[in-house]
Structures are given as structure tokens and as C-alpha cells.
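To start, the structure itself, in C-alpha cells.
None of the figures in this text is laboratory data; all of them are computed from the coordinates on show. Everything quoted here is computed from the prediction, not taken from an experiment. Neighbour counts are summed over all protein chains in view; Cβ atoms, including those assigned to glycine, are modelled from backbone coordinates with ideal geometry.
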Amino acid sequence: MVWIVRNLWLIPALPAAAAAVIALFRQAQRRLAAGLAIGTMGLSFLMALIAFAHMLAQPATEYVNFGWLQFGSEWLKFGWVLDPLAAVMLVMVTLVGLLIFIFSIGYMEHDENFTRFFCFLALFAGAMLGLVIANNLVLLFMCWEVVGLTSYLLIGFWYQRPAAAAAAKKAFIVTRVGDLGLFLGMLWLYSLSGTLVFYDNGGGCLEHAAIAAMAAHAAALGLTASSGIGLLIFCGAAGKSGQVPLHVWLPDAMEGPTPVSALIHAATMVAAGVFLVARMYPLMAATTNGGTSQALEVVAWVGAITALFAAFIAVAQDDIKRILAYSTVSQLGYMMLGLGVGGVAIGMFHLITHAFFKSLLFLGAGSVIHGCNGEQDIHKMGGLRKLMPITFATYAAGMLALCGVPLFAGFWSKDEILHAAHGWNVSAVPYYLGAAGALLTAFYMTRQVAYVFFGKQRETSEAVAHDAATAQGAGAHGAGETHESPAVMTVPLIILGLFATFLGFVGTPAWPWFQAFLEGQHATLDFGAFAGNGILPLMTISSLIVFAGLGLAWWLYGRRPIESAEARDALEQMMPGAFHVLAKRVYVDELYGVTVVRLAEWSARVMDWMDRWVWNGAVQAVAKIVAGVAWIDSSLDTAVINSGFDGCCEGVEHGGRLVTRTQSGRVQSYLRVLGIALIVLVLFLYWSRKG
Amino acid sequence: MTPLNGCLLVSALLFSIGLGGALTRRSAILVLVGIELMLNAANLNFIAFWRYGPHPEALTGVLFVTFSIAIAAAEAAVGLALIQAVYRHAKTTDVNQLDTMKG
Amino acid sequence: MTAPFVILAVVTIGGAVAAMTLRKLVHCALALAVCFVGLAGLYLDLNAQFVGLVQVLVYVGAVVILIVFAILLTRHDELPAQTNRTRVAGLGVSAVVFALLAWAVTAGGAQMGAAVAAPEAAMKDIGGALMQKYVLPLEVVGLLLTAALIGAVVIAMEEKKKAR
Amino acid sequence: MTQGLDQIFVTFQHWAVAHSPAAVQPAVSIVLPVAGILILFPSLFAITTVLERKGLARIQNRYGPNRVGPYGWLQPVADAVKSLTKEDIVPRTADKLVHFLAPVLLVTVVFLEYAVIPVGRNMVLADMNSGVLFFFAAGAATEMSVFMAGWSSRNKYSLLGAMRAVAQMISYEAPLILSSIAVVMAAGSLSTVTIVEKQAGYSGFWPHWYVLTPWGLAGFVLFAIAMTAESNRSPFDLPEGESEIIAGYFTEYSGFKFALFFLGEYLEMFAVSGMAVTLFLGGWAAPFSFLTWIPSWIWFLGKVMTLIAVFIWVRGTLPRLRMDQLMNFAWKFMLPMTLMVIFSAGLWKFLPSGVLRWLICAAPIALLYVVLGRVLQSERRIEKRVYRYAE
């Protein structure tokens, strides 16, 4: 066992330890806190690189298990696993995390809770990395929940704002719905396979024996057990990854600081759901006949629907971060679609490229917000291209990658998903849904960029001052000119921009190195692959779709510079009704409000009534009876027992008064008594021996 | 009279003198001195029993006295520190006047 | 009952009596030192060389000095003598204790130890016993001494006048 | 020949015992060496006083005693005659008995210390099982005499001086004893004779003295500092700091009693020097194997006198410490250092010999020295001295 595998636990442990230490710091120790968090993250990044290099040299699944606790004759084993999947995730999480940590120094520099922020960030990083390397579903679940907790804490970081507090609660509760499914899935899995360890010398739940048994085991509704478990686990993944219908929390989560949005709600935590599906892929994909499992079908459908649905909503949003949030939901749908139709490699490839360009976009948005002194409404921005050139350039790179413009990272990964969907043998509909989503993606991103960076500056200085005063934190350092962000923020942007642009080349059809790496094979360079299997036509079609989206949006928004912040949206002018519905996010929140929330409220009322009248009445009756008995008892007590007892007490009191006289407070009289006691003791011993 | 008895008698006398002093002297310091004397009487007993006892090679008496001396040193230090503190407070070391627990 | 024993016993008892009866406290302390030196002599006479020397080192070199310091730091006038009643009671108790002890010794101690061959307490054996068999008590005593040191300092330290 | 010269005193003792009547033989065998000690060290005292006064005078660029006898060498005789013929003044309020006992006790106790110091090969009064312990036990009793002197004089300066002296001696007793424990550990014995024998023998011509080990060197330096303080010598002579408290605890002494104190102080100095020589400098052993033909007692006395010369040199060089500095130095520096020396000696005992052992054992001591130095210095700001003049 090589050193890196033995010590893989250090990667999550370092940031977690940093979080524990930072928690002890005073608020004033900003540099120390940031330095510690970034330093440990850097160390983790280096170790992740070593792990990655190790996997590169010998792709294999290596793991370390150890007994954690024993109940009955069972051992709960914990451990960590290093395989190409984990290695890729480790590098991505640590690199993106490191860059975002650095970015946060600049973004949060005026916040008074700077150290707390870094404490949470480091804790998040530790838990996320632990989730990635966990070799046990329980351990993974624990990390999963810690990740959820830090997400809650960070969304509600500015807890003084009611919106942030509400968003944090919402995120926590909605994801809990999914986690319930995950937990049930865990229980079922444990009852069937007897272990929750992934890999354990053939005894793990993801290894051949257990999978085969579960695939053969039929459950209700025509599902196999493996698919049933897979679907329950997918519930958790859907909650975390914001799949329809549990996507409602993710846009609201944008109330948190922007680095948090970038790190947790774009790059890493929401990808944890995708990662979970990828990790459990052997279980999900298991069938007895080699066909497509029911679980994967559901995954693919949910993914495709989410991809399109979220893209629609994104078209009509005003908040720069909200657009990106819906875009994230949409892209997560693509990942799920990729996993469902194509397998681990395809979904994971999009996860990785998406992590880079989406965190880039969020950080870019953060930079814009920072530069505009806390303004988030795209209508009030504009013309930032000249004022913030670096931000603009990197944002454009991220936007092109997200849209899937050829040669950018997103193109290769998204195209691969579409290609796999096209070849799916169950249904062709997901492909069309995905393609439509791609069109919308290009459309809403172009709209956003046109609003933010083109045209002329629209905000008034009065509005700036007002917003700066209301928006605590983010950029609340007083009204000022719109400005480019400091280097500590732009440098991470540039690095991420480079990744967003060029990362796709590790997974082109001609050289599918990434996919091969995940599957433990060797990639060869073969330009002929473009020709085969209908790839080139599909690529052309998707490019055309993208350019169509770009063109359409440019025609609507970019042709004429948008003049004022109050001007109505071009699309709104064309289709006011549809636009309104979309702007209200298709009333999903309201739907939940009248159904789920109303139901909960109603049942609470019933419980309240039950409590007040039924249970309380019973309790009251019992209390009355007891009180009656007590009254009888007490009268007996006063009449009979007390008089005797009082007499005793008086006697004791008299005796005590007598004895008190001997306690004079004089040491020597005590000593004298001791001496007399000694004499008595000796005499007593002597006589007792005689007698 | 055997040598052991001689030692024990000396020790008993020493003990009684210490006890008498502790019972009659008014100075807290001398009370402490009396207690030290009693302790030393006990030590003398240990050494005498070790010397004339059946198992001198076990060294129990010697070691016990060694520990006892160490503890007596600690006791004297703390006791005298207490007397200091009390004196600073009550401006006297007369044990007859130190009969309240109130400060 | 050898001559050295008798002489040392007389010195010890004399020192003790003086320490408990003299009027001046410093004289008492000096008499106590004499008593301790006599005791050390008794230990040496009983072949316990180590204990005797430690007795001098600790009691004469430290405890008596400590007592002397305490006497000088608690400056007081000559205390009036005890009332007769307490004195008689105290002396009576101690006399009865002595009578009992002496009676117990003479009546019961005879079956043991006429002259035995003088045992050897070599330093090496004592050291070995301290470091092996009695190492735990040794450590505990070390802890106790540290605690006593700190405790004594804390107790005796002048209470700082509360500033501000 | 050399053998004979080495053992000349022992041979003389045997001869004297053999030629005396049988009844007094035990007495003779005891009295003779005691008398030797009683003659040798007081005469050394006499010589040393002259040496010291001359040495100090040279350091201070003056002549020193040069009137009595050739080059002033008979000065001690004159001093002795003077102090014996001076009136013995006892203050009226003094506690006369204690006032008288104090110097007597001091000299007695100090002479007791010589019982365990091996002056030469086979030349020790009492080869006690626990000689080192005896030495320190006797040394502890000198504190009593100092206190008695100070208290009985009924003089504030005397009392203050006595308190200072006692506090100082108790404080420095701890490092003194602890640093000798390292040697006791290494030798595995408390007997002074055994300790010297362990240091006899040579590697080539190089001796096996404990001072040549890292812990021994550090221990020796610490022991030397502590013994300077223990014998109230400069720069630790605050108990008799004349600028503050006249002459400390012997302010009220005059004539012969004062001379006794003086004698006691010097004898104490010889005794602790002798103990330092015994513990660290190989006792009576010759420093090189080719010098063993010189009698052992000459070596011993030579080493003692060398240490005395260092004492004098230090006295002429260093200024007196302040009381708080003195205490801080003892408890915050000396005590930890001696503990580390003990640790290092333990290491030494269990490591295989070689250069590496030397370095490993030296490292903790050096480290603690540096750390303590830093820590203790950091408390006080050392600034350039500023002079202020009256208008």
C-alpha cells in the first residue's frame, strides 16, 4: 500500500482541523484564520495531486478499512477509497476550493465575521473531501449531512437578513426530504447486503456478489431491489443536486455570500448528488439481463426534465446570481441525464468541466457584485465591459463554455451527453429535451451578458448608496465608483478561466482520455473517431443550436444598447404572459405553499387540538385525582404524624443546643478531646482483647 | 529493659511532651511545633521497630520514615503559611483568640 | 541501653521539653533544633544512617528555619500564660497518654526484640527500594511536595490590594 | 619512594598507633587525623587571608599588606594577636547565651564537614556510606548558627543580614545538592571515597573526571556558583553588604568571636571547594597519568587552592548582586538547569560511549540554557543607561 493511500484521510482531515482551530480564534485574527484555511487547503490540494498522479500511474480501486465500532457480532467498518473517480473529484474540489478561498479574502474583506466565514468554509471543504473518499455509505452520509449543515450555515451567514435566514431553513428542510429517501435506501441496502462498505475484498455492497444478489431480488411494483435502493438513494441525490421537484431551495440559496454560491452551490456540494449517483453506479445500473435498469431510466428522465425546466425559468430572471443558480440546476440535470444514459464517465466529465466554468461564472458574478457595491439586479448594471475588463474576459470565457460554443470545455462535455442521449435505446425524448435546453442555455447566458457587460451604465448613484446600505456584507464598504476587483479576486478568475477554456480537451471524442481514465483504460489519440458513430453530424447540429440561441438572444438584447433600468425586457414585450409565469418560477414555490406547507400546517393544527383537548384533558383528570389523594394524605400528615414529629424535633434541638457548647472554636479544646478519645480507645482495645 | 523498650519509652515521652505542648501553649506556631514533635515520636517508633523487628532487610521502617519526613516538611510549610495568612488577618497567633470562622 | 543512647535520649527529651516550655519563641525553635539533632543521633545509633542525615537536612536545615521565619514574620508580644484550668487539663491528658503508652510498652513490648544483629541499610538498597518497590509513593510524595510548595506560596502571598 | 611519600601521613598514623599503649590506641587512631585536619585547614586559612588581600590589592592596583614580616607574610599572625587581645563586646540587650553559641556552632559544624572529604589516597576521617549526604546535612546546620548570630544581637542590621543569609543559603542549597546528585547518579554511590575512586583511572593520559563530561561540566559550573553563594562570598555576599547593612549578622561581634566567624567562613569555603574537587575534579587523582608520581594530597590541596584562587579572582571582578536578582537567579535559572543536568547525566549513563554521546548529552543543557536565557531576559528591557544630572 503506498503512502498516499494510507494517508488519504489527511486530505479531509487537514481543512477540518483548520476549521476546529479557527473556531477558537477571535474575530480579529483574520489573517491567521484565512492563512490557516488556505494553507491547509493548499496542502490538501498537493496531496490530492499526489493521489491523482498515483491513480494516473496505476488506475485501480485502492481502499483502507478499519473497524470503527462493534455492535453485537457486527463490526461497523469505516474506511476510505481511492479510485479514479475519487481522485478526479479530489483534485477538482481542492483546486476550486483553494481558488475560492483565495477569492473570498478579497470578497469578504469588509465583513466583520471573516474568521467565522473561513471556519465554515474549511469545515465544508473537510466534509466534502471526506464525502469524496468515503468507503462506506454511513461515513458518506455523515459527511453528506455535515456538508448540508455547512451549506445551511453559509447560506444563513448573513443571518440578520430575514431572506437569508429563510433561505437557509428552506435549503435545509428541502434537502432533508431527499435525505429521508437516502436514509431509507441505506437501511434497505443494509438489510439486503449486510454491509454498507463499498469495497471490502469482495464483501462490499458495490462489489459483484452483493450487486448480483440485489439485481436478482425482486421488490414490489416490478422493481428489482437494486433499482429500488438506487431510486431511494437518487432521492437524496436529487435533493442535494436540486433536481425537479426538489430544486426550489437552490435559487434561494443565493442569499449566501457569492464565494459560497460558487463553491457550494455550483461547483462542489450540489455536484455531490451527481457524485453519489456515480459512486453508486454499479448498484444503479445492475440488471440481470444487461439492459437498462429502471433506476437509470428514472435518473435520465428526471435529469432531462430538470435540464429543460430550469433553463426555461432562467430565461426570465433578473438577479445575476439567480440566473446562474437556475443554470446550475439545469446543468445538474444534464449531468444526471449523462449518468442515466451514458454512464459514469460522461456525467462526471460534465461535472468537472461544469465545476470550473460555473465557479468561474459565480466568482465573476461576485466580482461584478463586489465592483457594483452590492448590486445584483442585471437591469441596473450594464457597460461593465470597459470598467471591469478582466472580469469581463473571464466571464465571457465561462459563459461560452457554459453555452457549449465549440472548442470550449462545456462543448465537449455537453455534446457527449447529447450524443449518449441520442443513442439511448429506451426513448429519444430526452435527447430533444436536452437539445432544447442547450438552445435556452445559450439564450439566457447571452441575455445576461448583454445586460451586464454591454450597453451603458444604468444605475444611479442614489440607488447605489441605498443598495449598499441595505446589503450588509458583500460590498458594503460605502458607495463608490464601479471598479475592477483586486488581484486576489481576479487571479483566481483567470486561473479558472483557463481551465474553463481548455479543460475540455482532455475528453474529446478523438482523445477520450478522461473517460478512459475513469474506466481504468488507456486512451489513444484517434481523429478518426469523429467520423464514426454519427458524432460529427450531431456535433454540427448542437453547434448550430448553440449559435441559434446566441444569435436569437443577441438579436433581442444586444442589437440596441439597453438604455434604462426601468425598460421592459424584450422578451416580456413579446410574450408578457409566459414571461411572467417564468419570472415567477412557474409557481413551484407557491404550489408547495398550498400543498405541502398547507398540509403540514393543517396537521399541526389537528395535533394542537388533540394536545389541548384530548391529551390535556386526560392529564388534567389524572392530576385532579392525584391532588385529591394528596389532600387526604396531607390532612393525615398534619393531624397524626406531625405532632409526634414536632416533639422529636424539639428534643433534637435541645440536644443540639447542649452539644453546641462544646464547639467553642478553640483548637486546643478539640485537641484535648482527641487526647481523651485516644485514652479511651487504648483502654477499650485493651479490655476488648482481654474480654 | 530491652533496647526496643527504651526507644519506645523515649518515643512515648516525646509524644506526650508534644501533646502537652500542643494542648497548653497559646502560640499557634508552638502548637505546630508540638505536632511536629508527635510526628517525630512516631518516626522514632518506626525506626526502632525496623531496627529490632524480625524483617529489617525489607527496609519498610526506613522508607516509611523517609516519606514521613518529606510529608512533614510539606505539612510544616503549609501550616506555617496558614499561620502567616491567619496572622495577617487577625493580627495574632493566639489560638484562643482564633475561635471564629467568620473573616 | 548503651551510654550513647542514654545521652542522646536525654538530649532529645531535654530539647523537646525546652521547646515546649520556654517563654521566648525563638528559644523554643532553637531547642527544637537541639531535639531534632538528638533524634538524628538516635537514628544513627539505631543504624539508620540515611534517615538520620535526612532528619538533620530536612528538620534542622529546613523546618526549624521555616519556623524561625514564621516567628519573625508574625511579630507579637509575649503571650500571657494559659489559664490554670486549661493548663492542668492539657497536662493531665498528656500525662495520662504517656502513662498509658508506657504501660503498654512495658507490658506488651517484651516479647519482641532483645538485641538483634544490627541490620544494614545500605544506600544502594534504599535507593533501589525507592526506585522499584516504592516508586509510586515516591512520585506521589513528589506531587504532594509540589502541591504544598504552590499552596504555601499562594496562602502566604500578600493579598494584592485591588487596584482601581 | 613516591608510594612512601604519597602515604606518608597514613604510615605515620599507623606507626603512632602501633607505638602507643594498647589502652589509648583507638583514641590515638582517631585523634591523630582529627588533629591533622585541625592544624592543616586553619593554617591554610591564615595563608589564604594574605593571599586574598594581596590578590585583591593587585586587582585594584595597590600593594596590599606588606609591613609585617617579609613581604607582609606574617600579617595573619598580627591579625590573630589583635583579635585575641581585643575586648569582647556583647550588646547589653543581646541574648548572651545564643550570642556566644553562634560562632562556636558555626566552626564546629564546618569542621564536621571535613570528616567525609578525602584529602588524599586512604586519607579520609570517616568513609561514610552516605558521605555526601552527611556533608550537606552538616552544611545545613550552618544556617542555624547564622540565624542565631543575627537574632541574638538585637540589632536590625544583624537580623536583616541573618534573614538574607538564611534565605540565600536555603535557596542555593537546592541547586547545590541537585547538581551533586548528577555525580551521585553517575558514581552510583553517596560515599565520597567511592566517588573519587570512580574518577580514578585514565584513557591514555586523559583522566576520567566527571567535569570532562557535558553534564559534569555544567554541573561543576552550577555547583561552583551555588557554593559561592552558600559560603556567602562575593558576588553573593549581600548578607554582609556593608553599604546597606554594615556587616550583616556579625555586626555586633568583635574580637575573638568575630575571628571565629571569619575562620568559619573560610573553612566553609575550603570545605565546599574540597567537595567540588571530590565530586567533579577527581579528588586527589592526578590530572594526567604521567603525573601520578606526585603525592595525592598535594594534588588535592593544589586543586582546592586553585578553586580558592578563582574565588578570589571572582571577588575582585564581579559586583554584588541585588537581593531579587539573587533569588530569581537561584529559582528561575539554577534550579531548572540542575534538573536538566540530572536528566543529562541519566542519558549519559544509558548511552554508548562516543562523540555522539557527548553531543546528545550536551544538547539539552545547551538548549535549556538558551531558552532560559531568552525567557528570563525577555522580562526586562535592557536599555542604554541614561544619566541625569542635577541642575
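Brief remarks on what is shown
- At least 18 Å along the helix axis (C-alpha) and Kyte average at least 0.0, DSSP helices within chain D: D:25-59, D:96-113, D:131-152, D:156-187, D:214-230, D:255-280, D:296-317, D:335-350, D:355-379
- Normalised by the number of residues in chain A, the mean separation of alpha-carbon contacts (under 8 Å, six or more apart) gives a relative contact order of 11 percent.
- Ordered by the number of other Cβ atoms lying within 10 Å of each residue's own Cβ, fewest first, C:ILE71, A:ILE173 fall into the sequence A:ILE173, C:ILE71.
- Cross-link partners of A:LYS358 among lysines (Cα-Cα below 29 Å; sequence separation of 8 or more within a chain): A:LYS169, A:LYS170, A:LYS240, A:LYS321, A:LYS380, A:LYS386, A:LYS414, A:LYS456, A:LYS584
- Cα-based helix-to-principal-axis angle, A:667-690 vs chain A, degrees rounded to 10: 70 degrees
- For region A:438-448, Karplus couplings with θ = phi - 60° (6.51, -1.76, 1.60), whole Hz, Gly/Pro x: 4, 4, 5, 4, 4, 5, 6, 5, 5, 4, 5
- Residue among D:ILE342, D:ALA390, A:LEU337 farthest towards the positive dipole end of the protein assembly as shown, charges placed on Cβ: D:ALA390
- Cβ crowding within 10 Å averaged over residues, with D:231-237, C:143-149, D:142-148 ranked highest first: D:142-148, D:231-237, C:143-149
- In chain D, the DSSP-assigned H stretches of four residues or longer account for a calculated mean residue ellipticity at 222 nm of -22000 deg cm²/dmol, using -39500 (n - 2.57) per stretch and the full residue count as denominator.
- Alpha-carbon centroid distance for the pair region A:273-308 / region A:59-90, whole angstrom: 23 Å
- Taking region D:86-378 as the region of interest, the number of lysine pairs whose Cα atoms are within less than 25 Å, with members eight or more places apart or on different chains, is 8.
- Ranking A:PHE362, A:ALA487, A:ALA421 by how far each Cα lies toward the positive end of the dipole of chain A (charges on Cβ) leaves A:ALA487 at the top.
- Between A:ALA396 and A:ASP611, the contour length at 0.36 nm per residue exceeds the alpha carbon distance by 71.5 nm.
- Applied to region A:392-400, the Karplus parametrisation 6.51 cos²θ - 1.76 cosθ + 1.60 on θ = phi - 60° returns per-residue 3J(HN,Hα) values of 4, 4, 5, 4, 5, 4, x, 5, 5 Hz, with x for Gly and Pro.
- Taking label points 7 Å from Cα along the Cα-to-Cβ direction, D:VAL370 and D:TYR389 give a separation of 4.4 nm.
- The charge dipole of the protein assembly as shown, taken about its Cα centre with unit charges on the Cβ of Lys, Arg, Asp and Glu (plus for the first two, minus for the last two), comes to roughly 3260 debye.
- Among the residues of D:186-194, the average count of other protein chain beta-carbon atoms within 10 Å of the residue beta-carbon is 2.
- On the beta carbon distance between A:ALA216 and A:LEU678, with R0 = 56 Å, the FRET formula returns roughly 0.05.
- Averaged over C:13-20, number of beta-carbon atoms from partner chains that fall within 10 Å: 6
- Overall form of the protein assembly as shown per C-alpha gyration tensor (a/c, 1.5; a/b vs b/c): prolate
- Distance from region D:72-96 to region C:1-30 (C-alpha centre basis), Å: 33 Å
- For trypsin sites (Lys or Arg not before Pro), the sites in region A:626-673 that DSSP calls loop and that have at most 14 other Cβ atoms within 10 Å are A:ARG661.
- Angle of helix A:84-107 to the longest C-alpha principal axis of chain A, folded into 0 to 90 degrees and rounded to 10: 80°.
- Theoretical FRET efficiency, 1/(1+(r/R0)^6), r = Cβ-Cβ of B:ILE71 and A:LEU407, R0 56 Å, to 0.05: 0.05
- Cross-link reach is defined here as a Cα-Cα straight distance under 17 Å, omitting same-chain residues fewer than 8 places apart; for C:LYS133 the aspartates and glutamates meeting it are B:GLU57, C:ASP125.
- With Cα atoms defining each centre, region A:1-17 and region D:257-329 are spaced 61 Å apart in the structure.
- 3J(HN,Hα) along region A:67-78, derived from phi through the Karplus expression 6.51 cos²θ - 1.76 cosθ + 1.60 where θ = phi - 60°, amounts to x, 9, 8, 10, 10, x, 9, 8, 10, 8, 9, 10 Hz, with x in place of Gly and Pro.
- Stretched out straight at 0.36 nm per residue, the stretch from A:ILE173 to A:LEU24 would grow longer than its current Cα-Cα span by 50.7 nm.
- Principal-axis analysis of the Cα atoms of chain A puts helix A:320-341 at an angle of about 80° to the longest axis.
- A crude spin-label estimate for the pair C:MET157 and A:HIS110, with each label 7 Å from Cα along the Cβ direction, gives 4.8 nm.
- Dipole-positive endmost among A:LEU440, A:ALA300, A:GLY504 within chain A (Cβ charges, Cα centre): A:GLY504
- With a Förster radius of 30 Å applied to the C-beta separation of D:PHE256 and D:ALA18, the computed FRET efficiency comes to 0.20.
- Candidate aspartates and glutamates - alpha carbon under 12 Å from B:LYS91, same-chain residues fewer than 8 apart omitted: C:ASP77
- Distance between the 7 Å Cα→Cβ label points at D:PHE205 and D:PHE290: 0.3 nm.
- Extended-chain gain in nm, criterion 0.36 nm per residue less alpha-carbon gap, A:LYS456 and A:GLN58: 137.8 nm
- Measuring nothing but how far apart in sequence close Cα pairs (under 8 Å, 6+ apart) lie, relative to its length, chain D scores a relative contact order of 21 percent.
- Helices in chain A, meaning DSSP H runs of at least 4 residues, each add -39500 (n - 2.57). Divided by all residues, the mean residue ellipticity at 222 nm is -22000 deg cm²/dmol.
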